[in-house]
1. Given the criteria touching a residue at least 24 places away in the same chain (Cβ under 8 Å), touching a Phe, Trp or Tyr at 6+ places or on another chain (Cβ under 8 Å) and within 18 Å of His85 (Cα to Cα), does Ile53 qualify?
2. Sort out which residues of the range 1-14 are assigned to a helix (DSSP H, G or I) and closer than 21 Å to Glu65 by Cα, and write them in order of number.
3. Identify, please: which residue in the range 54-103 is closer than 17 Å to Thr30 by Cα and either in a helix (DSSP H, G or I) or of a type in the set (Lys, Arg) (or both) and is, among those, modelled with the lowest pLDDT?
4. Condition first: in a helix (DSSP H, G or I) and more than 16 Å from Gly82 (Cβ to Cβ). Now tell me which residues in the range 34-50 satisfy that.
5. What tally of residues in the range 1-42 results from selecting those that are modelled with pLDDT of 90 or more, within 22 Å of Trp89 (Cα to Cα) and of a type in the set (S, T, N, Q)?
6. Which one of these is surrounded by 20 or more Cβ atoms within 10 Å (Cβ to Cβ) and within 10 Å of the chain's Cα centre (by Cα): Ala73, Ala54, Ala61?
7. For the list (1) polar (S, T, N, Q); (2) in a loop (DSSP other than H, G, I, E, B); (3) without any contact (Cβ under 8 Å) to a residue 40 or more places away in the chain, I need the number of the one condition that Thr31 fails.
Amino acid sequence: MLLTTLLAFVAGFFAGNGLPYYMEGSTGRTTNPSPFGHGATINVVIGWFGLVIAGVAWYFADVAEHPEAGWSAAALGVLAVGLVHARNWQTDPWRRQHTRPAA
């Protein structure tokens, strides 16, 4: 059960981290701060890697064997990365200027 909890948390964390990058990049926006550069393509690739890592972790988590622990840990992983994003994205963590395009 410990492995299920750990892998499900990792899956939730990486899914919660990868999805904003993927969505922002796939819509052509470049406002997500990234340590790897600035651009929609970079955001899509970062998001894709995050979602792949989440999928692999979820596959090996064996959540069907321990559903309560697995789903709870995944939810906590999403919450954890959301709180990290909320705190870090209030400022420019990589000291670059990112501006949102006019709506």
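1. So Ile53 does not fit the description; no.
2. Within the range 1-14, Leu2, Leu3, Thr4, Thr5, Leu6, Leu7, Ala8, Phe9, Val10, Ala11, Gly12, Phe13 meet the criteria.
3. Among residues in the range 54-103 that are closer than 17 Å to Thr30 by Cα and either in a helix (DSSP H, G or I) or of a type in the set (Lys, Arg) (or both), the one modelled with the lowest pLDDT is Arg100.
4. Ala40, Thr41, Ile42, Asn43, Val44, Val45, Ile46, Trp48, Phe49, listed by residue number.
5. 1
6. Only one candidate qualifies: Ala54.
7. Only one criterion in (1) polar (S, T, N, Q); (2) in a loop (DSSP other than H, G, I, E, B); (3) without any contact (Cβ under 8 Å) to a residue 40 or more places away in the chain is unmet by Thr31, namely (3).
The values are calculated or read from the model by the stated rules, or taken from the named source; none is laboratory data. A quick note: this is a predicted structure, and the numbers were derived from the prediction, not measured. Methodologically, a virtual Cβ is constructed for each residue, glycine included, from the backbone with ideal geometry; neighbour enumeration extends over all protein chains shown.
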